Amino acid sequence: MSFVEVTDVWQSYGQRSIIERVNLDVTEGEFVSIVGASGCGKSTFLRLLLADETPSRGEIRIDGGDPAREPGRERGVVFQKYSVFPHMTVRDNIVAAESFPSGLGRFFGSKLRAARERADETLDRIGLGHVAKQYPATLSGGMQQRLAIGQALTARPRILLLDEPFGALDPGTRIAMHDFLTDLRAETKMTVFMVTHDLSEGFKLGDRVLVFDKPRWDPHAPEAFGATVTYDFDARDGGMPFQHILDWYPSLAAH
Amino acid sequence: MRLINRRPDRPTAVLLAALPFVAVIIAYWIGSEIRLSANPSDKLLPAPETIAATAKQLFTEGDRRTGEILLWSDTWASLRRLGIGVAIAAALATFLGVLIGMLPYARRTLSDFVAVLSMVPPLALLPILFIVFGLGETSKVVLIVVGITPFITRDLSQRVLDIPHEEIVKAQTLGASTAVIALRVVLPKIIPRLIQSVRLSLGAAWLFLIAAEAVAADSGLGYRIFLVRRYLAMDIILTYVIWITLLAFLIDWALKAISRAAFPWLEEGL
């Protein structure tokens, strides 16, 4: 069953074609890595998934719903930078994920206390309990991204979008963050799209790796054609395909 | 060692900071001495002792008829006008700035208008304000508002536009409405900048205040200066000028202190 359905999506800014003919079916719970050279439209594609931009052609549906026209609670997002609110404490950042849909964007009284308790539980689970009262700027890059992911998941989105979330982290922290994300995903069974320029990261975390590239290239008009999905790898089982083919087609075992 | 890499140590720094002040005082003192030795009744550069004596008298002794200490009542009248004017300007500019910065429709409607408005020299409007609002308090307050609102508005709307798009998108993915984004994301990030902006426009606000008071008023620091100018009372004028400078400096310092205390997240990097 397809959960996220991308049908014939094109995106161009004026004469500049960025993305063309992207078709995609993603099942619920799948982790899709998106890789490609810089400027190949992978971030644009993520913005389209986020509904921060509307495609010039085609549509993107989640669970058969109407195509979104603006970002909403269905889609959680973590960017490389600026993913948490610097003017709120770590705990308030988590509470904000619950309180923002309310009229004033703020909880009061017992509701606030309850939300704070839940936020503290979340923070303990993602290992940030000891810095609950600090401001994000005092945290290390890895901790800030962990907070950003925790905040995004607190809003219980249908899909989680990650735009080079670990791009600015040092290698050691990055590996720790991979483990963190893997654990969290095993827990939540979240459908994830992750843009990365680190191939090994894409293959390590993803169930599926999409490569964006320009199949058509006019040297006299490099902007005439956009990029599309040129490869769609199955990255499960260490990237070796057909490891479970006997489960799918038991009849093959007879031969 | 290159000049750009030479840094004064702490005592030298304090000494250097004091140097221009001391130089001005000495220069004044010498000039005053030269003039007074030529003509002991010279009024243009009164001796520092004369100024000190006048200042003491102005701060402590009441008016001969009413017993009211004029300097304090002038200070109160001026600060009231300044405070009301700046407060209204700040509130108005915050509202407009957030509107222009956040909503594309408001931006299209207002941003060019505010840009043109900020080019109108406010002092040229003063006669109009006096005609429309009369010679009372209103016209003086309005002059300050008209004078500094466009500047603060433009500054704040630009600050709103400078907020990383990622943060606005993030707030939307958490389900925030436009109003919630304004209240919980934009305003908290803008208020420190507002204080900064108010600090920068306080100089202009004082200018407009004193100009308005000079033209038509019956009290106020600017009024008093222009009144005693007729008697060439330099000692009083200088006392008032020093007092106004001190007030402006204290207000600026207080705003800075407030901003530091109220927004700890700004201090911690960013």
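A few points about this structure:
- Residue match in the range A:157-180 (condition: of a type in the set (Gly, Ala, Ser), under 20 Å from A:Phe193 (Cβ atoms), within 12 Å of another protein chain (Cβ to nearest Cβ) and over 11 Å from the mean Cα position of the chain (by Cα)): no
- A:Leu199 vs. criteria more than 14 Å from chain B (Cβ to nearest Cβ), within 15 Å of A:Lys42 (Cβ to Cβ) and either over 14 Å from the mean Cα position of the chain (by Cα) or among the basic types (Lys, Arg) (or both): yes
- Which listed residue, of A:Leu160, A:Leu153, is touching a residue at least 24 places away in the same chain (Cβ under 8 Å) and not in a helix (DSSP H, G or I): A:Leu160
- Pick from the range B:146-164, criterion in contact (Cβ under 8 Å) with a residue 24 or more places away in the chain and surrounded by fewer than 17 Cβ atoms within 10 Å (Cβ to Cβ), ranking: nearest to the other protein chains (Cβ to nearest Cβ): B:Leu161
- Segments classed as helices (runs of 4 or more DSSP H), wholly inside the range B:165-238, with at least 3 members that are within 14 Å of another protein chain (Cβ to nearest Cβ) and over 22 Å from the mean Cα position of the chain (by Cα): B:165-173, B:187-215
- Test: residue in the range A:195-204 that is without any contact (Cβ under 8 Å) to a residue 60 or more places away in the chain and touching a His at 6+ places or on another chain (Cβ under 7 Å): yes
- If you filter the range A:141-164 down to residues that are closer than 20 Å to A:Ala51 by Cα and of a type in the set (D, E, K, R), you find that the one that is surrounded by the fewest Cβ atoms within 10 Å (Cβ to Cβ) is A:Arg156.
- So A:Thr54, is it touching a strand residue (DSSP E or B) at 6+ places or on another chain (Cβ under 8 Å) and more than 8 Å from every other protein chain (Cβ to nearest Cβ): no
- For B:Ile181: the one exception among (1) within 26 Å of A:Asp92 (Cβ to Cβ); (2) free of Cβ contacts under 8 Å to residues at least 24 places away in the same chain; (3) of a type in the set (A, V, I, L, M): (2)
- Evaluation of A:Ile18 against the conditions (1) more than 11 Å from every other protein chain (Cβ to nearest Cβ); (2) in a loop (DSSP other than H, G, I, E, B) shows that the sole unmet condition is (2).
Condition check ((1) surrounded by 13 or more Cβ atoms within 10 Å (Cβ to Cβ); (2) assigned to a helix (DSSP H, G or I); (3) touching a residue at least 40 places away in the same chain (Cβ under 8 Å)) across all residues:
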| residue | (1), (2), (3) |
| --- | --- |
| B:Ala17 | no, yes, no |
| B:Gly31 | no, yes, no |
| B:Gln57 | yes, yes, no |
| B:Arg107 | yes, yes, yes |
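- Every test in (1) more than 10 Å from every other protein chain (Cβ to nearest Cβ); (2) within 24 Å of the chain's Cα centre (by Cα); (3) surrounded by fewer than 17 Cβ atoms within 10 Å (Cβ to Cβ) is passed by A:Ile126 save one, and that test is (3).
- Residues of the range A:68-83 that are within 20 Å of A:Met190 (Cα to Cα) and more than 7 Å from chain B (Cβ to nearest Cβ): A:Ala68, A:Glu74, A:Val78, A:Gln80.
- Flag if B:Leu143 is in contact (Cβ under 8 Å) with a residue 40 or more places away in the chain, crowded, with 19+ Cβ neighbours inside 10 Å and under 23 Å from A:Pro86 (Cβ atoms): no
- Extreme residue, farthest from the chain's Cα centre (by Cα), among residues of the range A:206-252 that are surrounded by 10 or more Cβ atoms within 10 Å (Cβ to Cβ) and acidic (Asp, Glu): A:Asp218
- Every residue from the range A:230-255 that is part of a helix (DSSP H, G or I) and more than 27 Å from A:Lys204 (Cα to Cα): A:Pro250, A:Ser251, A:Leu252, A:Ala253, A:Ala254
- Test: B:Ala52 is surrounded by fewer than 12 Cβ atoms within 10 Å (Cβ to Cβ), under 26 Å from B:Leu246 (Cβ atoms) and among the hydrophobic types (A, V, I, L, M, F, W, C): no
- Among (1) within 11 Å of chain B (Cβ to nearest Cβ); (2) surrounded by 15 or more Cβ atoms within 10 Å (Cβ to Cβ), the one test that A:Gly103 misses: (2)
- Within the range B:243-270, the set of residues being touching a helix residue (DSSP H, G or I) at 6+ places or on another chain (Cβ under 9 Å) and either within 14 Å of chain A (Cβ to nearest Cβ) or free of Cβ contacts under 8 Å to residues at least 24 places away in the same chain (or both) comprises B:Ser259, B:Arg260, B:Ala262, B:Phe263, B:Trp265, B:Leu266, B:Glu267, B:Glu268, B:Gly269, B:Leu270.
Each value in this text was obtained by applying a stated rule to the coordinates, not by laboratory testing. Since we're looking at a predicted model, the values are computed, not measured. Using ideal geometry, Cβ is built from the backbone for each residue, glycine included, and neighbour counts are taken over all protein chains shown.
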